[in-house]
1. Mind listing whichever residues of the stretch 106-149 are in a helix (DSSP H, G or I) and within 11 Å of the chain's Cα centre (by Cα)?
2. Please indicate, with yes or no, whether at least one residue in the stretch 198-210 is part of a loop (DSSP other than H, G, I, E, B), touching a helix residue (DSSP H, G or I) at 6+ places or on another chain (Cβ under 8 Å) and not acidic (Asp, Glu).
3. If the Cβ limit is 8 Å and pairs must be 6+ apart or interchain, which residue in the stretch 104-127 that is within 24 Å of residue 146 (Cα to Cα) and basic (Lys, Arg) pairs with which residue that is modelled with pLDDT of 85 or more and part of a helix (DSSP H, G or I)?
4. For the stretch 175-223, which positions are of a type in the set (Lys, Arg) and either over 30 Å from residue 123 (Cβ atoms) or touching a Lys or Arg at 6+ places or on another chain (Cβ under 9 Å) (or both)?
5. Conditions: (1) farther than 30 Å from residue 112 by Cα; (2) surrounded by 13 or more Cβ atoms within 10 Å (Cβ to Cβ); (3) acidic (Asp, Glu). Residue 200 meets all but one. Number of the miss?
6. Looking at the stretch 302-321, which of its residues are buried (at least 23 other Cβ atoms within 10 Å of the Cβ) and in contact with a Ser or Thr (Cβ under 9 Å, 6 or more places away or on another chain)?
7. Scanning the stretch 385-402 for residues that are at pLDDT below 75 and β-branched (Val, Ile, Thr), which turns out surrounded by the fewest Cβ atoms within 10 Å (Cβ to Cβ)?
Amino acid sequence: MKLSPRIHQQLRLKSALITALLLLVLGTLAFLTTRYSVQTDITNNAGNTLSQASQKLLLSLPDKVTITAYIKQGQPIRAQIAQLVDRYSRYKANLTLNFIDPDFEPEKTRELNIGPEGIIIVDYQERTEKLTFIDESSLTNALLQLTNANERWITFLTGHGERSPEGIANFDFGQFGKELAHRKINAQTLNLATLPAIPDNSALLVIAAPKVALLAGEIAIIKGYIQRGGNLLVLTDPDNKQLTDLLKLLGIRQLDGVIVDSNSTLYGIDDPGFILVSEYAPHPVTKGFQTITLYPVVAALEIDGKTDFTISAWLSSSAKSWMEADAIKGKIKFDANSQAKQGPLAFAYALTRNLNETTQQRIVVVGDGDFLSNTYLGNVGNLDMGLKMVSWLIHDDRFINIPAKIATDKSLQLTQTAVAIIGFGFLIIIPLLLISTGFIIWRKRKQR
């Protein structure tokens with residue numbers, strides 16, 4: 001059939017209209033993509049989607065959330081953090097992420113005590129949480145902690161050479177006190193010689209390695225506080241005999257000597273008296289905790305006799321550690337013929353007692369008072385461990401258990417026959433089919 005000029009014109013007009021309509025549709029869709037976002041997670045385990053618990057928490061936060069990552073430029077972890085935070089921003093528009101290279105802000109780096117691994121700071125309602133490790137569980141629980149706006153008070157015993165939450169000396173807890181204040185946990189000091197009573201507003205009593213013995217009246221006040229169900233944190237040091245009676249009341253005994261660990265050299269530490277812990281016993285304090293903690297000059301503890309408390313050990317040295325009674329000089333090694341006790345050795349216990357159906361008394365005893373001091377607080381996960389410990393003791397232990405999303409069937413196992421079929425199929429058979437199909441179509445058109 002011969003096409004007239006009029007039909008040619010109509011066909012060209014029809015083609016132009018269809019092209020214009022397609023361009024209009026594509027332009028409209030492109031505009032809509034700038035205004036609206038639609039995403040679908042097709043992974044088998046929803047690995048790219050926040051859990052329902054995280055979504056619910058984000059929707060309950062009315063104010064702005066700012067996440068600042070102090071990570072050096074060029075680090076691959078920057079992309080991982082951005083990808084994770086992007087999932088949160090889908091459910092909370094006023095959540096922002098900023099990256100800062102610590103090398104460009106040395107003063108801020110010193111102020112925040114940022115190590116080479118970097119740090120992530122989460123700000124909400126003028127309160128902050130610091131993270132050295134970030135995933136959905138850690139970030140969601142940091143936000144959960146920041147939602148608590150109630151002020152809480154803890155009391156530090158003084159008058160016996162204890163470490164002060166306000167002191168600036170290397171052995172004091174001044175920096176830890178500031179970190180607690182950022183979370184609206186206020187530290188107050190108490191001298192029982194001048195005020196013979198523990199304040200009613202105190203959620204926790206802290207006894208941080210006294211250097212001289214407590215008076216009989218002071219011990220009686222503390223025992224009464226424990227019997228009434230008060231929460232307690234006891235920090236002791238090797239060869240500290242000032243707390244023997246108090247520990248006996250709790251059913252714990254401090255062993256003589258210092259724990260030494262030959263594994264310390266694996267972390268580049270020459271002093272075997274430094275104990276590093278990377279594995280933690282199951283406990284609410286260490287739930288989800290994956291960071292190494294450092295404990296210098298540690299005393300071993302053990303359960304001593306019957307007690308009304310449920311006692312669990314949650315910090316222990318490695319199997320290559322032992323108790324050393326002599327002075328640590330030069331290279332030392334474990335003497336199997338000696339009476340020295342070999343590791344693993346527990347040096348932190350958590351004690352609980354149910355006072356009634358709704359109230360639980362909580363006590364923690366640690367055989368080291370240095371790990372929270374101004375000198376060592378910034379090492380690896382010491383600050384996080386201290387904050388988690390205090391939060392649990394004052395019953396601020398809310399934690400959302402977000403299970404890890406592990407992709408299933410990440411590897412495909414093929415037989416040699418299957419590999420050969422796939423190889424020949426893609427390299428030979430499919431190209432031959434395409435060539436043959438093209439040749440047949442060409443022949444048919446040529447024969448018309």
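The values are calculated or read from the model by the stated rules, or taken from the named source; none is laboratory data. Keep in mind it's a predicted model, so treat the numbers as computed, not measured. Quick reminder, even Gly has a Cβ in these numbers, built from the backbone with ideal geometry, and neighbours come from all protein chains shown.
1. Within the stretch 106-149, 136, 137, 138, 139, 140, 141, 142 qualify.
2. yes
3. Partner pairs satisfying both residue conditions: 108/102.
4. Listed by number, the residues that qualify are 183, 184, 211, 223.
5. Only one criterion in (1) farther than 30 Å from residue 112 by Cα; (2) surrounded by 13 or more Cβ atoms within 10 Å (Cβ to Cβ); (3) acidic (Asp, Glu) is unmet by residue 200, namely (2).
6. 315, 321, listed by residue number.
7. 400
Yes/no matrix, rows are residues, columns are (1) in the same structural domain as residue 294 (by TED's automatic domain parsing); (2) over 27 Å from residue 355 (Cβ atoms); (3) touching a Phe, Trp or Tyr at 6+ places or on another chain (Cβ under 7 Å):
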residue	(1), (2), (3)
191	yes, yes, no
198	yes, no, yes
206	yes, no, yes
209	yes, yes, no
216	yes, no, no
236	yes, no, no
